[in-house]
Structure formats: C-alpha cells, structure tokens
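Read through the structure below, which is laid out as structure tokens, and then see the notes.
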Amino acid sequence: SQTIHQWPATLVQPVGSPLSLECTVEGTSNPNLYWYRQAAGRGLQLLFYSVGIGQISSEVPQNLSASRPQDRQFILSSKKLLLSDSGFYLCAWSVPAARHAEAFFGQGTRLTVV
Amino acid sequence: GESVGLHLPTLSVQEGDNSIINCAYSNSASDYFIWYKQESGKGPQFIIDIRSNMDKRQGQRVTVLLNKTVKHLSLQIAATQPGDSAVYFCAEPLHNYGQNFVFGPGTRLSVLP
C-alpha cells in the first residue's frame with residue numbers, strides 16, 4: 001500500500017533562518033506531488049506541484065521554493081524565513097494521469113516563525 | 001478558484017442529528033468532486049467522491065449530493081457523532097498541467113453533546 005511521510009511534525013524557526021521540509025512517498029511510482037499551506041482557520045493554498053523529477057510548478061510568488069531530487073521525494077525550502085511563512089504545511093500525492101483520483105495527504109508540519 | 005483568504009464558516013449540530021455541509025463550485029466543466037475531513041492538527045482525509053454523471057452517492061453514514069444545474073455539492077452526515085467534529089473541504093481536480101486540486105474554503109463542524 002502507499003504511504004506518505006512528512007517531517008518534522010512541528011518546527012519553530014527564527015526570522016531569517018533557512019527552512020527545509022521533506023516529504024517522501026512509498027508504494028507508488030512517478031506520483032504527482034504537491035505542497036499546500038494552510039493558515040490558521042483557513043483553507044488550503046496550493047504552493048507547488050510536480051509531475052516528475054526536476055519538474056516544479058509554482059502557483060503563487062513567495063519566499064519559498066520546492067525541489068524534487070528523486071521520484072518520490074519532495075522538498076520545500078526557504079533561504080530566509082519571514083513571519084508570514086508561519087502556517088501548517090501539507091504534502092500530498094496523487095496518481096498521475098488519472099482523471100478521477102483523489103489526493104492523499106501527509107500529516108502536516110506546523111511551522112512557527114518567531 | 002481557491003478561497004484561502006476566508007475564515008472558515010462553522011456549523012454546530014447536536015449529537016445524533018443530521019449534518020449538511022454545502023459547497024459551491026465555479027467550473028461547469030468539472031466532472032469529479034471529493035470531500036475531505038480534516039481533524040485538528042492532521043492532514044485532510046478522503047471521505048467520499050462523486051463523478052458528474054451521478055446526482056447522489058452514499059457511503060457509511062455519509063451521502064454526497066451533486067446539483068450540476070446550480071453547481072452545488074452537499075455532504076450529509078447521518079446521526080452526527082462527536083468524532084465527526086472536524087473541518088470539511090470539497091475539492092475538484094483540475095486537468096491542466098499535472099493534476100492540481102482546488103479546495104473550497106472549508107466548513108468547521110462542531111458536534112454539541
């Protein structure tokens with residue numbers, strides 16, 4: 001069966017520090033991969049998605065970047081965190097080229113920038 | 001589009017009553033919809049889906065209704081239990097580059113004892 005791992009679960013970082021959140025998927029090949037952000041009490045905002053190694057699309061301009069160095073690894077990074085980067089970050093995957101398929105989410109990373 | 005700037009509406013329901021959570025979508029070409037449940041501090045979990053060639057689909061204690069005429073989805077939860085307290089999102093996959101998902105703003109369901 002497929003599983004998705006996301007870490008760390010919580011993170012407190014000072015303003016101006018770098019960020020690296022990692023997500024890996026097991027049990028599937030060439031998944032579509034996503035990073036979402038969720039501000040407290042709000043909906044899900046798509047940040048990045050990837051359909052293959054090295055293929056990253058950004059949905060919103062921001063202080064963050066994403067990379068996919070391996071087929072089932074998706075990394076969210078920042079060189080210098082801002083206070084506004086605080087939020088709940090969710091990684092997700094879906095079956096590629098499937099017209100009717102849901103996204104499967106990780107358990108999320110709660111990031112607090114202080 | 002995504003309504004990420006909105007605060008979540010809240011629905012309070014007495015335990016044992018039925019809950020109805022609504023969602024509007026804008027893309028008349030959408031042919032597949034998903035409901036997710038998100039408990040506090042966790043990632044969203046799939047509840048039920050429906051294709052546009054159906055008006056209704058039933059699961060265990062949940063029913064999704066689709067009205068394509070007015071572009072409206074609803075999630076009905078029968079005999080609501082405390083464990084149903086969560087935020088509920090509707091989502092529709094887009095079929096442009098890759099397969100992105102657009103999520104509705106979400107509704108927070110609070111079950112009262």
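Tabulated data
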{"read-out": "B:SER12 vs. criteria open to solvent by 70 Å² or more (accessible area, probe 1.4 Å), within 11 Å of chain A (Cβ to nearest Cβ) and either closer than 25 Å to A:ALA92 by Cβ or assigned to a strand (DSSP E or B) (or both)", "value": "no"}
{"read-out": "Checklist (1) in a strand (DSSP E or B); (2) at pLDDT below 90 applied to A:TYR34, failing item", "value": "(2)"}
{"read-out": "Within segment B:58-113, tally of residues that are away from chain A (no Cβ under 14 Å) and of a type in the set (Ser, Thr, Tyr)", "value": "5"}
{"read-out": "Candidate set: segment B:15-46, residues that are open to solvent by 70 Å² or more (accessible area, probe 1.4 Å) and among the hydroxyl-bearing types (Ser, Thr, Tyr); chosen: the one nearest to the other protein chains (Cβ to nearest Cβ)", "value": "B:SER40"}
{"read-out": "Matching option when the condition is touching a Phe, Trp or Tyr at 6+ places or on another chain (Cβ under 7 Å) and more than 13 Å from chain B (Cβ to nearest Cβ), among A:GLU26, A:GLU102, A:GLU22", "value": "A:GLU22"}
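The values are calculated or read from the model by the stated rules, or taken from the named source; none is laboratory data. Everything quoted here is computed from the prediction, not taken from an experiment. Cβ sites come from the backbone with ideal geometry, for glycine too, and all protein chains shown count toward neighbours. To get the accessible areas, we keep the full protein, side chains included, count just its heavy atoms, and leave off ligands, DNA and RNA. Shrake-Rupley method; radii C 1.70, N 1.55, O 1.52, S 1.80 Å.
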